[in-house]
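The structure appears right after this line, and notes come after that.
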Amino acid sequence: MVLLSGGLDSSTCLAMAREQGFVCHALTVTYGQRHQVELDAARRVAAALGATEHKEIAVDLGLFGGSALTDDIEVPKGRSEADISHGIPVTYVPARNTVFLSLALAWAEALDASDIFIGVNALDYSGYPDCRPEFIMAFENLANLATAMATEQGRRIRVHAPLIRMSKAQIIQAGLALGLDYGLTHSCYDPLGDGRPCGACDSCLLRAKGFAEAGITDPLWGP
Ligand code: ZN
């Protein structure tokens, strides 16, 4: 069970899960985000990486708002690296990864699958609390208390977060080594009307920093 947003991190995570020999079922959650073009990216990546099955589930977190990604709040642009690495920005979506992992756990248990992959990253990231190793470990504990698969059948559920301690450059290099075409992915929080990335939001800036550090041209921007 792989959570797939269509972004750089989750796409790399899917490539890694496949490389480890898992039969991959990809789950994309549409949650009322501004960046609907991510969904097209998720479909392209799932197809390109040979996911056995790709499901999309709609959970409208925009009903609650409280985030620049789901509400009428401006997405910050052009922030410095120091600003990005401090505090929790308005692009944080309340409890998003808890909701996502809960949905992934539900499908995983229905499939009789005990391995869940999520592409969170706690190094080159935006300071979201639900991207940290402590959170992943806590959710894994919860999964093993919450399901019949764990409590009745004695199956140990594992939440894999293979990118959690990698830099963006390392993630990009790992994905390229696995044959992932990053031109299929999409990272921008606030794309332009025609779907192109804005180039200035935190996500665009972290992606650009990763490609620069890896010494590679981002195929989204071309040579
Ligand atoms: Zn952007």
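The values are calculated or read from the model by the stated rules, or taken from the named source; none is laboratory data. All values reported here derive from a predicted model rather than from experimental measurement. Glycine also receives a Cβ, built like all others from the backbone with ideal geometry; neighbour counts cover every protein chain displayed. Accessible surface is based on the protein model in full, side chains and every heavy atom, while ligands, DNA and RNA are left aside. Shrake-Rupley method; radii C 1.70, N 1.55, O 1.52, S 1.80 Å.
With an a/c value of 1.5 or above and a/b larger than b/c for the gyration tensor axes a ≥ b ≥ c computed over the alpha-carbon atoms, the chain is described as prolate.
One-quarter of the Cα convex hull surface for segment 105-223, in nm²? Taking a quarter of the hull surface, the average projection is 8.9 nm². Which one of Ala17, Thr91, Ala208 has its Cα pushed farthest toward the positive end of the charge dipole of the chain, where Lys and Arg give +1 and Asp and Glu give -1 at the Cβ? Of Ala17, Thr91, Ala208, it is Ala17.
State the extension gain, in nm to one decimal, for the chain segment bounded by Ala106 and Lys77, taking 0.36 nm per residue of separation less the distance between their alpha-carbons. Show your work: numbers first, answer last.
On the way: separation 29, 0.36 × 29 = 10.44 nm, distance 3.59 nm.
The span from Ala106 to Lys77 would gain 6.9 nm if fully extended.
Mean separation of Cα pairs under 8 Å and 6 or more residues apart, divided by the residue count, gives the chain a relative contact order of 25 percent. Restricting the GluC sites (Glu not before Pro) of segment 125-174 to loop positions (DSSP other than H, G, I, E, B) with no more than 15 neighbouring Cβ atoms within 10 Å leaves Glu152. In the chain, the longest principal axis of the Cα atoms and the axis of helix 96-111 are about 40 degrees apart.
For segment 48-138, the ratio of Cα radius of gyration to the globular rule of thumb 2.2 N^0.38 Å stands at 1.26. Once the C-beta distance of Ala177 and Leu145 is scaled by a Förster radius of 35 Å, the resulting FRET efficiency is 0.45 to the nearest 0.05.
Backbone amide hydrogens, once placed in the peptide plane, bring Val29 within less than 5 Å of Leu4, Ile57, excluding anything fewer than 5 places away on its chain. Remark: segment 136-150, residue by residue, has Karplus-estimated 3J(HN,Hα) of 4, 5, 5, 5, 4, 4, 4, 4, 7, 9, 9, 10, 5, 4, 7 Hz, where x stands for each Gly or Pro and the curve is 6.51 cos²θ - 1.76 cosθ + 1.60 at θ = phi - 60°.
Karplus-based coupling profile of segment 151-167, in residue order and whole Hz: 7, 9, 8, x, 7, 8, 8, 10, 9, 8, 10, x, 9, 4, 10, 9, 7, with θ = phi - 60° in 6.51 cos²θ - 1.76 cosθ + 1.60 and x standing for Gly or Pro. Couplings 3J(HN,Hα) for segment 13-29, derived from phi with the Karplus relation 6.51 cos²θ - 1.76 cosθ + 1.60 (θ = phi - 60°), are 4, 5, 4, 5, 4, 5, 4, 6, x, 6, 7, 9, 9, 9, 10, 10, 9 Hz, where x marks Gly and Pro. At the residue level, Ser114 shows approximately 20 square angstrom of accessible surface with a 1.4 angstrom probe and all protein chains present. With a Förster radius of 25 Å, plug the Cβ-Cβ distance of Asp115 and Ala58 into 1/(1 + (r/R0)^6) and report the FRET value to the nearest 0.05. So, using R0 = 25 Å, E works out to roughly 0.50.
Relative to the longest principal axis of the Cα atoms of the chain, the long axis of helix 202-214 lies at roughly 90 degrees. Amide H to amide H, with H built 1.01 Å from N, Phe117 comes under 5 Å of Val2, Leu3, His160, counting only residues 5 or more places away or on other chains.
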